[in-house]
Amino acid sequence: MSLLVPAALYALLALTLILTAVAWAIWLERKLAGRMQSRLGPTMVGPHGLLQPMADLLKLLQKEDLVPAKAHAILFNLAPPLAVLLTLAAAAAVPFTPGSAGAELEIGVLFVLAMGALSIVPVFMAGWSSANKYALLGAMRAIAQGISYEVPLVLAALVPVVLSGSLSFGEIVRHQAAHGWFVFWPVGPGFLAFVLFLLGLLAESNRIPFDIPEAESELVAGITTEYSGMKFGLFYLAEYLHTLIGSAVAAALFLGGWDGPFAPGLVWMVVKTLCLFVFLYTVRWTLLRLRADQLMTLCWKYLVPLSVVAVALAAIARQFLGGAFG
């Protein structure tokens, strides 16, 4: 019982901080997109529109909860919260400071990747249970995209695992603190894997140029076509959470996690995570959407072979530069 109380308090604190960060990240993205498109973004609710996320939440809570007559009600209602819960589960294994992870797992990387892969389950549940052709087609696109881009993403995540010899986030970060960040050392496999991981993360979170599952020109709103109110909001919350937690994972795997000079480790981890988060959303508002065939061609003809090369180079570096890795 004595161990359960600190764990519960940590989980509550982490959940509050993550959801708060996501709320303001939504505001930040809208302001960033406004500046990039020569418009203002949110300005009316609070100073500089800072309270706009709260206004959006209240609006969604007030909307009527509709369930299509032919929908499978249980699966239809279960899909949105399940999407959020699976994404939050991944956050439990990501440490922001030494020993701060909710679950310090020896297979932390494997656990996070597994939770990310399971995110296609609520997507398919939503598409199939909606009894809507647009939603079903969006779900099938999302499954094809998620399974495809999971391959280069997992292989890219294996590069730090091979170089450090551990599946634990803590060990990977400590290894980088001692020998250098993997994005820079060894030259080649680390940087290549970092780029591939970010591309896979964009695809998994359905961000442009990989937002084919919700292409409004063909599929209305994809899997969210029949959802209203807070259920609609939960799907978009899951996407933002996925991007934020994925940025934290990338920071831990390739950018040294909490390692950094003259400031507490937590500060460095937060700064690195937010920088990656802003970068991903800058990419989103800069590039155009790919066609479905271009999406699959990019993955299977280019990203998958490159990710295999990155793992092979990491294994070679580990073998022939073993002394440099301790």
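The values are calculated or read from the model by the stated rules, or taken from the named source; none is laboratory data. Keep in mind that what you see is a predicted model, and the values were worked out from it rather than measured. When we count neighbours, we look across all protein chains shown, and the Cβ atoms used for this are built from the backbone with ideal geometry, even at glycine. The protein model used for the area step is the full one, side chains on, heavy atoms only, and it has no ligands, DNA or RNA in it. Shrake-Rupley method; radii C 1.70, N 1.55, O 1.52, S 1.80 Å.
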On the given criteria, is Leu237 modelled with pLDDT of 90 or more, closer than 25 Å to Ala23 by Cα and either open to solvent by 10 Å² or more (accessible area, probe 1.4 Å) or among the basic types (Lys, Arg) (or both)? no
Listed residues Pro6, Pro53, Pro80; which is open to solvent by less than 90 Å² (accessible area, probe 1.4 Å) and modelled with pLDDT of 85 or more? Pro80
Among helices (runs of 4 or more DSSP H) entirely inside the stretch 238-325, those with 1 or more residues being hydroxyl-bearing (Ser, Thr, Tyr) and in contact (Cβ under 8 Å) with a residue 24 or more places away in the chain are 265-284, 304-320
Does Phe184 satisfy the condition of being in a loop (DSSP other than H, G, I, E, B) and at pLDDT 85 or above? yes
Would the stretch 102-109 turn up any residue that is assigned to a helix (DSSP H, G or I) and either in contact with a Phe, Trp or Tyr (Cβ under 8 Å, 6 or more places away or on another chain) or surrounded by fewer than 20 Cβ atoms within 10 Å (Cβ to Cβ) (or both)? yes
Among the residues that make up the stretch 91-114, is at least one of them under 19 Å from the mean Cα position of the chain (by Cα) and among the hydroxyl-bearing types (Ser, Thr, Tyr)? no
Options Leu274, Leu253: the member that is modelled with pLDDT of 85 or more, open to solvent by 80 Å² or more (accessible area, probe 1.4 Å) and within 26 Å of Pro95 (Cβ to Cβ): Leu274
Does the stretch 201-218 contain any residue that is at pLDDT 85 or above, open to solvent by 30 Å² or more (accessible area, probe 1.4 Å) and in a helix (DSSP H, G or I)? no
Taking interchain pairs and intrachain pairs at least six residues apart, which have beta carbon atoms under 9 angstrom, with the first residue in the stretch 28-54 and touching a residue at least 40 places away in the same chain (Cβ under 8 Å) and the second open to solvent by 50 Å² or more (accessible area, probe 1.4 Å) and assigned to a loop (DSSP other than H, G, I, E, B)? Glu29/Trp285; Leu32/Trp285; Ala33/Arg39; Ala33/Trp285; Met36/Trp285; Met36/Thr286; Gln37/Trp285
Considering the stretch 277-326 alone, what residues qualify as being open to solvent by 40 Å² or more (accessible area, probe 1.4 Å) and of a type in the set (Phe, Trp, Tyr)? Phe279, Trp285, Trp300, Tyr302, Phe320
Flagged pairs (Cβ under 7 angstrom, 6 or more apart or on separate chains; first in the stretch 180-192, free of Cβ contacts under 8 Å to residues at least 24 places away in the same chain; second of a type in the set (Gly, Ala, Ser) and open to solvent by less than 40 Å² (accessible area, probe 1.4 Å)) are Phe184/Gly190
Only one of Ser166, Ser228 is of a type in the set (Ser, Thr, Tyr), more than 19 Å from the chain's Cα centre (by Cα), at pLDDT 85 or above and open to solvent by 10 Å² or more (accessible area, probe 1.4 Å); which? Ser166
Among the residues listed as Ala135, Ala126, Ala156, the single one being over 30 Å from Ser228 (Cβ atoms), surrounded by 23 or more Cβ atoms within 10 Å (Cβ to Cβ) and among the hydrophobic types (A, V, I, L, M, F, W, C): Ala156
Applying the selection to the stretch 176-198, what residues are out of contact with any Gly (no Cβ under 7 Å at 6 or more places or on another chain) and surrounded by fewer than 24 Cβ atoms within 10 Å (Cβ to Cβ)? Gly180, Trp185, Pro186, Val187, Gly188, Phe191, Leu192, Phe194, Val195, Leu198
Has the stretch 83-95 got at least one residue that is at pLDDT 85 or above, open to solvent by 70 Å² or more (accessible area, probe 1.4 Å) and not in a loop (DSSP other than H, G, I, E, B)? yes
If you go through the stretch 121-128 one residue at a time, do you hit one that is touching a Pro at 6+ places or on another chain (Cβ under 8 Å), part of a helix (DSSP H, G or I) and not β-branched (Val, Ile, Thr)? yes
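Can you pull out every residue in the stretch 146-172 that is among the β-branched types (Val, Ile, Thr) and in contact with a Pro (Cβ under 7 Å, 6 or more places away or on another chain)?
Val159, Ile172
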